[in-house]
């Protein structure tokens with residue numbers, strides 16, 4: 001029996017997107033066109049990775065800046081695609097375009113919706129100390145991440161997960177979700193559609209570098225989560241005499257009740273790390289990166305910069 005081919009338009013821009021489109025391409029389904037975004041760096045003239053994939057495999061691709069032009073609608077309509085799959089695209093797609101696809105427009109989002117709608121769900125899940133996250137495949141609407149959920153899978157968040165480790169786990173889960181929704185659509189299976197419960201909506205706005213500064217008047221637990229959420233990029237940092245110092249690895253030590261230190265005070269700096277008093281408990285810096293230098297274990301940094309981290313110094 002011949003397998004039913006689904007004609008797909010794919011929209012995505014990132015490495016996460018690329019791995020999904022590569023997997024769709026390896027199936028018997030047909031990618032009719034690819035939508036992707038130009039680089040957000042104005043001086044960068046190189047193609048993005050999804051664009052390069054389209055060129056290599058001779059798939060029509062489009063770098064729309066928006067969907068306002070009538071020609072954009074006509075162009076997409078002429079492909080007569082059954083399905084739109086969106087993975088980390090970066091542009092809102094209007095309802096008029098979404099209605100072009102008889103099998104629907106489906107977005108794969110890296111959270112268990114309605115929790116963490118928005119651009120940075122992986123980071124916000126770690127920042128908030130969530131025990132689990134996942135991938136949600138949902139039917140798109142004109143508003144961001146609000147549609148009914150077609151299929152979802154959970155993924156545990158471990159205590160030591162960073163952005164990159166959780167990203168890697170979610171990628172595997174997301175490919176499982178991708179194959180499942182393709183199977184559901186190909187076989188015309190009626191899925192159990194789930195509406196998003198508005199009582200549980202939370203938002204995950206885009207992370208900017210200015211949001212990554214460490215403030216010692218927070219608990220060690222909260223700062224440690226921040227460091228993991230922003231590793232390996234853009235990384236959390238603090239300022240020392242105007243010099244930006246990124247923090248890459250830490251551990252938490254419970255405060256000794258017999259001693260009192262000020263918030264932000266360096267308690268000790270030795271081969272075990274740099275010990276800093278926070279609002280609650282002590283944070284031990286294990287690996288850092290001084291501005292314009294390579295990342296190093298703290299014991300290596302102290303060989304030449306011990307005077308920078310003298311006990312008693314108060315960090316702002």
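The values are calculated or read from the model by the stated rules, or taken from the named source; none is laboratory data. It should be emphasised that the depicted structure is a prediction, and the values quoted were computed from it without experimental measurement. Using ideal geometry, Cβ is built from the backbone for each residue, glycine included, and neighbour counts are taken over all protein chains shown.
Does any residue of segment 35-46 turn out to be at pLDDT 95 or above, touching a strand residue (DSSP E or B) at 6+ places or on another chain (Cβ under 9 Å), surrounded by fewer than 18 Cβ atoms within 10 Å (Cβ to Cβ) and on the phi < 0 side of the Ramachandran plot?
No; the residues of segment 35-46 include none that is at pLDDT 95 or above, touching a strand residue (DSSP E or B) at 6+ places or on another chain (Cβ under 9 Å), surrounded by fewer than 18 Cβ atoms within 10 Å (Cβ to Cβ) and on the phi < 0 side of the Ramachandran plot.
Can you confirm whether residue 21 is surrounded by 19 or more Cβ atoms within 10 Å (Cβ to Cβ), assigned by TED's automatic domain parsing to the domain that holds residue 188, at pLDDT 95 or above and not in a helix (DSSP H, G or I)?
When the stated conditions are applied, residue 21 does not pass them.
Would you check which residues across segment 268-316 are over 29 Å from the mean Cα position of the chain (by Cα) and in a helix (DSSP H, G or I) and list them?
Across segment 268-316, the qualifying residues are 299, 300, 301, 302, 303, 304, 305, 306, 307, 308, 309.
So how many residues does segment 228-260 have that are over 25 Å from the mean Cα position of the chain (by Cα) and either free of Cβ contacts under 8 Å to residues at least 24 places away in the same chain or in a loop (DSSP other than H, G, I, E, B) (or both)?
9
Spot the failing condition for residue 265; the list is (1) within 30 Å of residue 115 (Cβ to Cβ); (2) surrounded by 17 or more Cβ atoms within 10 Å (Cβ to Cβ); (3) more than 23 Å from the chain's Cα centre (by Cα), and only one is missed.
Only one criterion in (1) within 30 Å of residue 115 (Cβ to Cβ); (2) surrounded by 17 or more Cβ atoms within 10 Å (Cβ to Cβ); (3) more than 23 Å from the chain's Cα centre (by Cα) is unmet by residue 265, namely (1).
Scan segment 291-307 residue by residue and report those that are surrounded by 10 or more Cβ atoms within 10 Å (Cβ to Cβ) and either in contact with a helix residue (DSSP H, G or I) (Cβ under 6 Å, 6 or more places away or on another chain) or within 17 Å of residue 248 (Cβ to Cβ) (or both).
291, 293, 295, 296, 297, 298, 299, 300, 301, 302, 305
Restricting to segment 67-92, count the residues that are closer than 15 Å to residue 143 by Cα and surrounded by fewer than 22 Cβ atoms within 10 Å (Cβ to Cβ).
5
In segment 98-133, which residues are buried (at least 23 other Cβ atoms within 10 Å of the Cβ) and on the phi > 0 side of the Ramachandran plot?
Of everything in segment 98-133, just one residue is buried (at least 23 other Cβ atoms within 10 Å of the Cβ) and on the phi > 0 side of the Ramachandran plot, namely 116.
How about segment 262-290: which of its residues are farther than 23 Å from residue 222 by Cα and touching a helix residue (DSSP H, G or I) at 6+ places or on another chain (Cβ under 6 Å)?
Residue satisfying the conditions is 271 alone.
Given the criteria touching a helix residue (DSSP H, G or I) at 6+ places or on another chain (Cβ under 9 Å), buried (at least 16 other Cβ atoms within 10 Å of the Cβ) and closer than 28 Å to residue 163 by Cβ, does residue 64 qualify?
Considered against the rule, which asks whether it is touching a helix residue (DSSP H, G or I) at 6+ places or on another chain (Cβ under 9 Å), buried (at least 16 other Cβ atoms within 10 Å of the Cβ) and closer than 28 Å to residue 163 by Cβ, residue 64 comes out as no.
Among the residues of segment 168-187, is there at least one that is within 20 Å of the chain's Cα centre (by Cα), in a loop (DSSP other than H, G, I, E, B), exposed (fewer than 13 other Cβ atoms within 10 Å of the Cβ) and not assigned by TED's automatic domain parsing to the domain that holds residue 248?
no
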